[in-house]
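The values are calculated or read from the model by the stated rules, or taken from the named source; none is laboratory data. Just so we're clear, the structure is a prediction, and the values are computed from it rather than from any experiment. Because the Cβ atoms are built from the backbone with ideal geometry, glycine has one as well, and the counts that use them run over all protein chains shown. Surface accessibility is based on the protein's heavy atoms, side chains included, excluding ligands, DNA and RNA. Shrake-Rupley method; radii C 1.70, N 1.55, O 1.52, S 1.80 Å.
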Amino acid sequence: MGGMMKWEWAMWANEHAFVSGILLVMGGIVGAFDFSGKEFAYYSIAAGVFVTLLEYPRGTRINGKVVPRRFQDKISPIVDFLGPLGRNYFIRFVLYLLMSVPTVFCLPTIMSGVSLFFGSVMYFVAAIGNEEWKPESASALARQKTLTQQPPMNPPPRPPQAKGERAAAVTNGDKNNI
């Protein structure tokens, strides 16, 4: 068992809580239109924006690698400045657990609240495993994957033509299929 890798729950909790924050905003917007419990819908919008901003920067993994989100370097210093609220996953567990409770009182926000609850449980498991959020280092940013907008230089690979197809292309004068 000594050679087995440790499962990193914080990575999964980050992705799940990030999506939960977006769902909180969307459910809150829907709930603000003619549903009972509008105050809970407004709460969900504010909570969703907070959770999304807190979860936007990805933390550095145990092996030191990180694939940062676009413009993460602008928000990471803010999360780092929050101290224990930004770094400690047990605090995030308690915070998200408490934040998910008011969402069950408005129909459009129930699913996002349940999703945030599951994200808090994942953070609890990460906290038990002594994981914590670490900002990306300069060396990790240098190794990051880059997005490119340039077209590929080489054409896609094509299977080789059968001998019969090549001979037919030559006799028909079709230069494109030779």
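For K134, nonlocal amide neighbours, meaning residues 5 or more places apart or on other chains whose placed amide H falls under 5 Å from its own, are T60. Between the amide H of R69 and those of R58, distances stay under 5 Å, these residues lying 5 or more places away or on another chain, with hydrogens modeled in the peptide plane. Ranked by the mean number of other Cβ atoms within 10 Å per residue, highest first, peptides 151-158, 16-23, 34-41 order as 16-23, 34-41, 151-158. With protein chains left intact and a 1.4 Å probe, residues in region 24-134 average 53 Å² of accessible area per residue. Look at the dipole of region 30-160 built from charges on Cβ: of N154, S120, I45, the Cα furthest out on the positive end belongs to N154. Most tightly packed first, judged by the mean number of other beta-carbon atoms within 10 Å of their residues, the peptides 59-66, 98-105 read 98-105, 59-66.
A simple spin-label model places pseudo-atoms 7 Å from Cα toward Cβ; at R87 and M153 they are separated by 4.4 nm.
At an R0 of 25 angstrom, the distance between the Cβ atoms of I75 and N130 translates into a FRET efficiency of 0.50.
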